[in-house]
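Accompanying notes for the structure given below.
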Amino acid sequence: MYKFTGLSILVSAMVAAVLTVGTVSAMDTDPARLLVSRNAEFKKDIIKVSPSVYTAVGYAVSPVSMIVGDEGIVIVDAGLDVGTSQEIRADFRRIVDKPVVAIIFTHGHPDHTHGASAFMDSADVQVWAREGFPHEQSALESAGIVIQKTRGKKQAGFILSPEQRINNGIAKAFWPQRKGGIFGASDIVAPTHIFSSERRQLTLAGINIELVSATGETADSLYIWLPDERVVFAGDNFYKSWPNLYALRGTPYRDIRAWANVVDQLVQERAVAVVAGHTRPIIGEKQVGEVLGNYRDAIRFLFDKTVEGINKGLTPNQLVDYVVLPEKYQTLDYLRPYYGNPEWAVRAIFSGYLGWFDGNATNLFPLRDMEEAERVAKMAGGKDKLDDLIATAIKEKDYQWAAQLSDYLITLDPKNKSALLYKADALTALAKNNLTTTARNYYLSSAILLRKKAKELSSAQ
Ligand SMILES: [Zn+2]
């Protein structure tokens, strides 16, 4: 137990917070070291992908590309915020000073669309998107669901310090300078052209461009095929990390089977370069084929194995042990869980197809949190004993158990500062030992909020 009272709690909590933050920032765990070495992926750069394609990476969180045509340029994805996109626009102009004729959004996520006004050279710029744009947000918002914004902030780690974030797995750590909400922008550019067919051929600025419907990460996703130079712009259906087949902030079920099929389609294009939705492009026909092939196969393996386990009657908690990715995929850097996590994908497939009920009759009407917490505390020998057990769990580095035990105490007494701080410590340690940045961000953001609450309770005394 945190055995101090009054002012000393406050001071100790602050010291503990500083110490813990310090240990998280230190490169003393393998995940932290791996993430630090990953920063090279997010170096600011403009990469010449093919004779007429340039991709700006490392300005904000998602690449922005320029395709140069005789009559102007076409922009693929527009970045997260207007400020950094204006920088990209200026740097593109140094390469070629031609007007923007069109912008194409690979999908409706803010990190690919909210910087668009920086590329509106004139009121005539065509803005292309796929039917359903921007699907994911509208599905939740039309149902009146807004909590994804709060969860999204934790997933993105916006309240963390630079030392805590390292990077975002598929992007550098970035704090948007936007007015309004985290997922809001004051100058959103709406599509002027919507395409709804499977494949559509266009000529924009004199460039032959094909837009292909590509439901995967989102139902409004498309990919862009440049037949003359055999370049493909994959959007978020591909980046160098285990894909975010499930997003912690909460989204409708991402059709994982469709996602794998889209990656297969990308393979079939036989591109000589693929511009990813995040991370640096991959150039070279052999490399593109190999990377995309493994990406597709790994997703398919996970999906098929999960279905196999589901049909054996396994519950989500059992499935995450049943579905083990073959060594071959685990060792490929671009399939490491920097951003998405295979375990979450397994759970998402289960709930996406079968819903919340795990199939175990015990769980039809489970004990309420308070009822369970009361029984666990009684079993432990009282609340103080439960507190001791948490201390022991933390000492033994059994952090998940420490967090779970803390939850019982917090349920019994939401103002239990000791439990709040123990949980914060446990989550901080869990973050430190996890490679998946979205999990790290969520753990560390939650820890900050718990410490803040404990501090407020102390000052209220
Ligand atoms: Zn994205």
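Within the stretch 184-199, the presence of a residue that is crowded, with 24+ Cβ neighbours inside 10 Å, within 16 Å of the ligand (Cβ to nearest atom) and among the hydrophobic types (A, V, I, L, M, F, W, C) is excluded. ALA273 fulfils the conditions (1) touching a Lys or Arg at 6+ places or on another chain (Cβ under 8 Å); (2) of a type in the set (A, V, I, L, M, F, W, C); (3) closer than 20 Å to VAL57 by Cα; (4) within 16 Å of the ligand (Cβ to nearest atom) except for a single criterion, (4).
Okay, residues lined up against (1) over 25 Å from GLY157 (Cβ atoms); (2) of a type outside the set (A, V, I, L, M, F, W, C); (3) out of contact with any Cys (no Cβ under 9 Å at 6 or more places or on another chain); (4) at pLDDT below 95:
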site: ALA348; (1), (2), (3), (4): no, no, yes, no
site: LEU354; (1), (2), (3), (4): yes, no, yes, no
site: ASP413; (1), (2), (3), (4): yes, yes, yes, no
site: LYS452; (1), (2), (3), (4): no, yes, yes, no
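Of the listed requirements (1) within 29 Å of ARG347 (Cα to Cα); (2) touching a residue at least 40 places away in the same chain (Cβ under 8 Å); (3) of a type outside the set (A, V, I, L, M), LYS417 misses just one: (1). Taking the stretch 217-244, which residues are modelled with pLDDT of 95 or more, within 15 Å of the ligand (Cβ to nearest atom), touching a helix residue (DSSP H, G or I) at 6+ places or on another chain (Cβ under 9 Å) and not small (Gly, Ala, Ser)? TYR223, ASP236, ASN237, PHE238, TYR239, LYS240, TRP242, PRO243, ASN244, listed by residue number. Note on the stretch 188-235: residues that are in a loop (DSSP other than H, G, I, E, B) and touching a His at 6+ places or on another chain (Cβ under 6 Å) total 4.
For every residue, the table says whether it meets (1) surrounded by fewer than 24 Cβ atoms within 10 Å (Cβ to Cβ); (2) closer than 24 Å to PHE42 by Cβ.
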residue: PRO227; (1), (2): yes, no
residue: VAL232; (1), (2): no, yes
residue: GLY235; (1), (2): no, yes
residue: ARG257; (1), (2): yes, no
residue: VAL262; (1), (2): no, no
residue: VAL275; (1), (2): no, yes
residue: GLU285; (1), (2): yes, no
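The set of residues in the stretch 113-135 being in a helix (DSSP H, G or I) and buried (at least 23 other Cβ atoms within 10 Å of the Cβ) consists of THR113, ALA116, ALA118, PHE119.
Of all residues being within 15 Å of the ligand (Cβ to nearest atom) and over 23 Å from ARG254 (Cα atoms) in the stretch 79-112, which is surrounded by the most Cβ atoms within 10 Å (Cβ to Cβ)? Just the residue, please.
SER85
The values are calculated or read from the model by the stated rules, or taken from the named source; none is laboratory data. Only a predicted model underlies this, so the values are computations on that prediction, with no experimental measurement involved. Please note: Cβ atoms are built from the backbone with ideal geometry, for glycine as well, and neighbour counts cover all protein chains shown.
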